[in-house]
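The values are calculated or read from the model by the stated rules, or taken from the named source; none is laboratory data. In this text the structure is predicted, and so the values were computed from the model without any measurement. Here the Cβ positions follow ideal geometry from the backbone for every residue, glycine too, while neighbour counts run over all protein chains shown.
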Amino acid sequence: MARPLPDRLARAVRARGRTAGRGPAGTPGRAGARDARAVPRRGRCCSTGSARPATAGGPGAAVRLVLPTDPRARRVALALLDDPADDRDTAAWGRAVGAGERTLARLFRAETGVGPGRWRTLLRMRVALEQLAAGRPVGVVARHVGYATPSAFVAAFRRETGTTPSAVLRPAGTAPPGLRRR
């Protein structure tokens, strides 16, 4: 059974979402540039592994994804849900679904609030959170979500969540392995 996502991580992901797209001192900046959660415009929320909505308290609930409604963008999103490790770029996806690279990027941005690359990164973090909460090793999770090495995954995870995968699953108030409190 999956363990619930620690509150501190959920708060960190939500906080990054609130400050994303803001310049110095919270002033408006490039909207959507580093948004940690997609704002639904059209479409519906999705969970990983299927097109059904996520359960409210699940481990990946801190990362919110919206499925696009346009058939071309939706085909890309559903294919990535089936295989988050698929590393095709936007141009390759565009050719696969019969849309240009820029058209596909515009569709994703208009319907999900983020571009296709950012959407894939959020999906990968969501899948990773669910698998880490289920107790899978970091190396296995890294390969499953499309990272070549565990260190590349840890770097991306830290960039997106502000913490490491091992810290997510460590009970609050405990020291990392190998460190003793005096």
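Listed values, structure above:
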read-out	value
Hits in region 98-119 (condition: surrounded by fewer than 21 Cβ atoms within 10 Å (Cβ to Cβ) and on the phi < 0 side of the Ramachandran plot)	Gly100, Glu101, Arg102, Thr103, Ala105, Arg106, Arg109, Ala110, Gly115, Gly117, Arg118
Checklist (1) surrounded by fewer than 22 Cβ atoms within 10 Å (Cβ to Cβ); (2) under 16 Å from Thr164 (Cα atoms); (3) among the aliphatic types (A, V, I, L, M) applied to Leu122, failing item	(1)
Residues located in region 143-172, provided they are part of a loop (DSSP other than H, G, I, E, B), of a type in the set (Val, Ile, Thr) and within 12 Å of Met125 (Cβ to Cβ)	Val145, Thr163
Every residue from region 129-163 that is buried (at least 16 other Cβ atoms within 10 Å of the Cβ) and among the β-branched types (Val, Ile, Thr)	Val138, Val141, Val145, Val154, Thr161, Thr163
Residues located in region 89-115, provided they are touching a helix residue (DSSP H, G or I) at 6+ places or on another chain (Cβ under 6 Å) and not in a helix (DSSP H, G or I)	Ala99, Gly100, Gly115
Where a residue in region 62-85 is under 14 Å from Ala128 (Cβ atoms) and part of a helix (DSSP H, G or I) and its partner, wherever it lies, is at pLDDT 95 or above and among the hydroxyl-bearing types (Ser, Thr, Tyr), with Cβ under 7 Å and at least six apart	none
Residue selected from region 123-165 under the condition without any contact (Cβ under 8 Å) to a residue 40 or more places away in the chain and touching a His at 6+ places or on another chain (Cβ under 9 Å), by the criterion farthest from Ala79 (Cα to Cα)	Arg136
